[in-house]
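Participant: One structure coming up, written as structure tokens, with questions to follow.
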Amino acid sequence: MEMTVQKNKKGAILRNQIRTFFAKPQNVILLLFGIVLTFSTIAPIVAIVRDTFSIHPGTIDQHLTGQTTGYSVVNYTDLFTSRMAATNLWKPLLNTVLLSVLTCLISIVYGGLFAFLVTRSNMRFKRYLSAIFIFPYIMPQWTLAVVWQHMFNSNAVTGTADGLLTALFAVHMPKWFVLGLFPSAMVLGLHYAPFSYILIGGIFKNMDANLEEAATILDTPKWKIMFRITLPMVKPAILSTILLVFGSAMGSYPVPHYLNLTTLSTKYISMNSKYTGEASILAIIMMVFGVLILGLNQSSLMGRANYTTVTGKSGQLSKINLGRAGKWVIGVIYIILTFFTSIWPILLFALETFLPNPGDYSFLYTHDLSNLTTKWWITNENITENGMYGQQGILYNPTIWHAFRGTLFLAIMCALIAGTIGTLIGYAVSKNRRSRWANYVNNIAFLPYLMPSLAVGAAFFILFSNRYVNLFNTYTLLIIAGVVKYIPFASRNSLNSMLQLSNEIEEAAIIQDIPWIKRMTKIIIPIQKSSIISGFTLPFMTCLRELSLFLLLCTQGFILSTTLDYFDEMGLYAFSSAINLILIMTILIFNTIVNILTGASLDSGIGG
Amino acid sequence: MKKRILSVLLTAAMSVSLMAGCGSNNAGGEAPASAPTSGGTESAQEESTSGAATESAAPAQAENLTGVDAIIAEAEGMTLDELAAKAIEESNSQTFYGIGNSSRGKTALPLFISYLQTIDPNYNMEFEWQQPKNNKIFEQLTADSLKDSGTFSMTLIQDGNQIQTKMIDTEILKTFIPKDWADANGTTPDAYEGFLPLQTLNKVFMFNNTGDAKFTNCWDFVYDGQHPLYMDIDSELVGKNFLYMLTEDKYADMLKEAYDALDDEKKAYFDPIVAELQTDASDFGLGENGAYALAWIKLWVENYNAQTDDGPICNTLVDASATDQSALIVYSKLRSVEESATVSVNNVTVAAYQDDYVGIGGYGYNHYLFLTKNSPLPWTACAFIAYLTCTEDGFSAWGKDMGGYSSNPEVATATETTYQHQKGGYNDAGEDEFPAKDDRGYDWWTTEGELVLEDPQYCADAAFGVGSWIETLTKYADAAAE
């Protein structure tokens, strides 16, 4: 009898615990998304690991095992021990690591210095520079690589037609400058510099200047203040930049592809036909780097106290005086620099759409404007050859506009879904900070971002190409991959902003019995509107021009980035340049609309 | 702790996959078809179009066949009009999915629908044509083959080597030989062995002629200091097939003949390389001139300047500033050059068109047509394939351009009559303004032009012999980046 009562009691307690657990929305969110994200992150990894053991007909594993089906470890032994190991694995791995490190370095130095000048000095033209500085991030990364080629190629060095610099000034840049590691790192570094500008700028902007002022009063040399006080304070932001940029650079396929650098990504593509299983091992190696970076991220989270310290506002803004001339000179230098990284590519894109042949700048050499044409825009048939490779003009080209609609749909869906899920996860994690499960959900949501895009794309391709489900070339697959990959944008933004919110605000509403939905929509979201909106706009913008992630998941006319890449590879630069312009305009229009409606923008709160 | 959880999850994932490895079979793992035999050699045209033999040595009895095989067997006895009637019955108001390496399939499908509408004005069909990149066509077809009823009804596909090993040996694709096509080629569907080619495309040697460089021998392209522009062989695999084919006796002999025509200075440059590769040639079981083929391949791989596509190469080569550069690219790219102050087709010379040129003039590869083994609209696919290969209209999506030759001699003749590619460089006044665009045609290229032709089976056999050896060579692009 007593036993029964005890059992009933235990049962009631358990039921109560369960009821209490589910009464908290954050617990439901964490449980639900913990399960979903575990599947969406782990399942592709499992699929690609399995692929490394599978025997693929017509590839090296069939040749070495003599079997057409089944499983074997031969892909591992061949990749790591054959005489091709240096070519297929070690050299690309070294190049990949060098590229990632250099990219981090360039983006941090260039973006960080700019952030410092914008936030902590009296440099001129801040508002303009702040807006223009993020342009390279808006543009698809390889388009800068194409611009680089157009500028610096030369018959004497690269064995091609002369680029602009050679044609106009007879300057021949050395090979290391035009091909390989250096230009790849430069292009990626410039592309990701806005990342470090936004992250480091955010810290600089909110940094307590008391420590620096104290040091100044104590007559500490300026270099010492910089290295002993300022830089240590922005260390977390630098680390964050490294975390985000390293994985992205590692997974970049198009930039090294165009600039002739063999990395794990380019090797994955080139090996995929004959060494399919071994290529999957390369994807796993890239993923391992993602996991390692997650470990680093853990350390940065441990140091979160640093963030709290530096985000406390002192109410004083100490700005370095660059001098009467200095503030203008440095401003002008940055105007020139950003002209070449942000404006010049756009001008070249626009110009390219009026050249008679791709890269044919005859009008510059001859000073004859009749060497320009509008055919790339207004040709409305594809019967007359007209030098257009059977394509209709940009305004009438069904492939481009179909891809544009598809891209908009994809980007909006990814932004809405990833933004919503990420925001909820950020909220829930902030509420259960000390829970291990919350930390697990937080990490598992962040992991895909740290995995190279190409590897994630490859994993999703393998996962969803089977007997039961074949989602290749469907928006469903692209949305799934995009959402999983971009949730971290929103979850990190949301988490960081929610951590700044005192629990008392929501607790006051709870006491008044206000439902959770109302608390979210009327209190929490409005307070942290700016950060949350960034969690939606970043996935939208990134999705619009993402290639590496979607490269393996759809055909070329399906979305704009794959169409752009197709035209670039084909050498039809007028079309690819026009698509670039369309993308840039789209992003700017959306950014402006969001700015007008909500007051938030990508560089908001830093510049000007 | 979090790291530990992740580690456990990853280990579990690895374990699951390892346990899955204990299984013995997968869905696509049926036994390969019967052993392939060699292609036919009756005529120059047929030789080029034969491809690898893929069907059983003894033709299967039609009554024992099921599904798509049975439909193909029946369809091979029907004319285009009869197939069209079947297609109308099968696919009216349906959606037809095709997949191919050429985007022109999308242009050809509306013409096919118009043709069917001449028979039944009420007929209509939606269609979608996909053109995957980066070799994904093989993975996509493989994935689609796992379903009971596939998405794709047919494919237009290149790279005989991969088709043989990944698509035919695994029975993912099925060959259908239209009766009308066989008639035009003087054979029958039963007697014909090999893949069905839609067309042969040629990549030809060209050079920028604004300087003094001379390319009068195919060895000139691999001589000291030359870096011809070429699509990377890991990016476009038919480029690798070209290299494999050079080791076949016929083409190795051509290379030796060209070598014999060189002057002593150039011979002295090549001799040590040929001598060094004699052992490798013998190890690979190549013929007596195999070492010459290997020497040419080695020099080519170690010196070609890799580019992303033939389009950019063409754009480069026709520019006046690309003095003395050379290339091996798809001939038809010349059609899209717009004349300007610095760009002109006349800035390039097609090497083989020079009177004193000796040696191979380029490489010919095929676009092949197949049904998928689980084709959802097999009759329509058969009719479409017959339409493409047996009518001028069907081939017009490709035929309007130079450098692509229909495998059907009747269609090829009609196409030439309509489009006059042999006078492609003539202006309205009847003057030969752009001689490089005067396409001399399939027969010329495969005889005097010494075009190297793809043989899928030979390529498949060479892929892990000569092919693996090629991969050990250091490409110019890799050496340059170091």
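Participant: Run the quick spin-label model on A:Val288 and A:Ala350: label points 7 Å from Cα toward the beta carbon, then report their separation in nm to one decimal.
Facilitator: The two pseudo-label positions are separated by 4.9 nm.
Participant: Under a point spin-label approximation (7 Å from Cα along Cα-to-Cβ), what is the B:Glu265-B:Asp224 distance to one decimal in nm?
Facilitator: Going by the 7 Å Cα→Cβ label model, 0.9 nm.
Participant: Which entries in the list B:Lys86/B:Lys147; B:Lys133/B:Lys423; A:Lys91/B:Lys203; A:Lys267/B:Lys267; A:Lys222/A:Lys327 go over 29 Å, if you measure between the two C-alpha atoms of each? Don't skip to the answer; put the middle values down first.
Facilitator: Working: B:Lys86/B:Lys147 24 Å; B:Lys133/B:Lys423 34 Å; A:Lys91/B:Lys203 32 Å; A:Lys267/B:Lys267 36 Å; A:Lys222/A:Lys327 18 Å.
Over 29 Å Cα-Cα: B:Lys133/B:Lys423; A:Lys91/B:Lys203; A:Lys267/B:Lys267.
Participant: Using only the Cα atoms of region A:76-325, construct the convex hull and provide its projected area averaged over every direction, in square nanometres to one decimal.
Facilitator: About 17.4 nm², averaged over all directions.
Participant: Work out the length of the dipole vector of the protein assembly as shown about its Cα centre, built from +1 on the beta-carbon of each Lys and Arg and -1 on the beta-carbon of each Asp and Glu, and round it to the nearest 20 debye.
Facilitator: Value, rounded to 20: 9920 debye.
Participant: Moving on. Please work out how much length the chain gains when fully extended from A:Ile320 to A:Leu501, using 0.36 nm per residue of separation minus the C-alpha to C-alpha distance, in nm with one decimal.
Facilitator: 62.0 nm
Participant: Using only the Cα atoms of region B:401-455, each taken as one equal point scatterer with no solvent, compute I(q) by the Debye sum, divide by I(0), and report log10 of the ratio at q = 0.19, 0.23, 0.28 Å⁻¹.
Facilitator: Those come out to -0.70, -0.94, -1.15, one per q.
Participant: Then there's this: Restricting attention to the alpha-carbon atoms of region B:358-403, what are Rg (one decimal) and Dmax (integer), both in Å?
Facilitator: 14.8, 50
Participant: Another question about this same structure. Could you compute how fast chain B diffuses translationally, taking Rh as the Kirkwood radius over C-alpha pairs and applying Stokes-Einstein at 4 °C with viscosity 1.567 mPa s? Give it in µm² per second.
Facilitator: 54
Participant: Okay, moving on. Where does chain A land at 222 nm, in deg cm²/dmol rounded to the nearest 500, when only DSSP H runs of n ≥ 4 count, each adding -39500 (n - 2.57), divided by all residues?
Facilitator: That calculation yields -22000 deg cm²/dmol at 222 nm.
Participant: Hey, another quick one. Fully extended, how many nm does the chain gain between A:Leu14 and A:Ile523 (0.36 nm per residue separation, minus their Cα-Cα distance)?
Facilitator: Details: separation 509, 0.36 × 509 = 183.24 nm, distance 3.27 nm.
Going from the current span to full extension adds 180.0 nm.
Participant: How do A:Ser40, B:Ser153, A:Ser121, A:Ser248 line up, fewest other C-beta atoms within 10 Å first? Walk me through the numbers before you get to the answer.
Facilitator: Details: A:Ser40 20, B:Ser153 28, A:Ser121 17, A:Ser248 24.
Ordered from fewest to most neighbouring Cβ atoms within 10 Å, A:Ser40, B:Ser153, A:Ser121, A:Ser248 come out as A:Ser121, A:Ser40, A:Ser248, B:Ser153.
Participant: With the dipole of region A:76-325 worked out from charges on the C-beta (+1 for Lys and Arg, -1 for Asp and Glu) around the Cα centre, which of A:Met123, A:Asn95, A:Phe195 lies farthest toward the positive end?
Facilitator: A:Met123
Participant: How large is the charge dipole for region A:76-325, taken about the Cα centre, if only the Cβ atoms of Lys, Arg (+1) and Asp, Glu (-1) carry charge, to the nearest 20 debye?
Facilitator: For region A:76-325, the charge dipole is close to 520 debye.
Participant: Rounded, prolate or oblate: which fits chain A, taking a ≥ b ≥ c as square roots of the Cα gyration tensor eigenvalues, rounded meaning a/c under 1.5, else prolate when a/b beats b/c?
Facilitator: Details: a/c = 1.68, a/b = 1.19, b/c = 1.42.
Oblate is the answer for chain A, as a/c is 1.5 or above yet b/c matches or exceeds a/b.
Participant: Now, a different point. Per residue of region A:23-35, what does 6.51 cos²θ - 1.76 cosθ + 1.60 with θ = phi - 60° give for ³J(HN,Hα)? Whole Hz please, x for Gly and Pro, Karplus curve as stated.
Facilitator: Calculated HN-Hα couplings, in order: 5, 8, x, 4, 5, 4, 4, 5, 5, 4, 6, x, 5 Hz.
Participant: Next up: Measuring from label point to label point, each 7 Å out along Cα→Cβ, what is the A:Gln67 to A:Ile229 span in nm?
Facilitator: Here the answer is 6.8 nm between the modelled labels.
Participant: Taking every alpha carbon pair in the protein assembly as shown, what does the distance histogram look like in 10 angstrom bins from 0, in percent?
Facilitator: 2, 10, 18, 22, 20, 14, 8, 4, 2, 0, 0, 0
Participant: Considering the options B:Asn241, B:Gly160, A:Asn493, tell which one lies farthest towards the positive end of the dipole of the protein assembly as shown, charges being +1 on Lys and Arg and -1 on Asp and Glu at the Cβ, about the Cα centre.
Facilitator: Most positive-ward Cα: A:Asn493.
Participant: Now for a different question. Through the Karplus equation 6.51 cos²θ - 1.76 cosθ + 1.60, θ set to phi - 60°, convert the phi angles of region A:125-137 into ³J(HN,Hα) values in whole Hz; use x for Gly and Pro.
Facilitator: Running phi through 6.51 cos²θ - 1.76 cosθ + 1.60 with θ = phi - 60° gives 6, 4, 4, 5, 5, 4, 6, 7, 5, 7, 4, x, 6 Hz.
Participant: Another question, then. Quick one: what are the phi-derived ³J(HN,Hα) couplings along region A:107-124, Karplus 6.51/-1.76/1.60 with θ = phi - 60°, whole Hz, x for glycine and proline?
Facilitator: Ordered by residue, 3J(HN,Hα) equals 5, 6, 5, 5, x, x, 4, 5, 4, 4, 5, 5, 8, 10, 9, 9, 4, 7 Hz.
Participant: Taking the Cα centre as origin and putting +1 on Lys and Arg beta-carbons and -1 on Asp and Glu beta-carbons, what dipole magnitude results for region A:64-218, to the nearest 20 debye?
Facilitator: Dipole of region A:64-218, to the nearest 20 debye: 180 debye.
Participant: Binning every alpha carbon pair distance of region B:374-466 at 5 Å from zero, what are the percents per bin?
Facilitator: Reading the bins upward from 0: 3, 12, 16, 15, 16, 15, 11, 8, 4, 2, 0.
Read-outs throughout are calculated quantities, based only on the coordinates presented, and are distinct from any laboratory measurement. Nothing here was measured: the structure is a model prediction, and the numbers come from that model. All Cβ positions, even for glycine, are placed from backbone atoms using ideal geometry, and neighbour counts span all protein chains on display.
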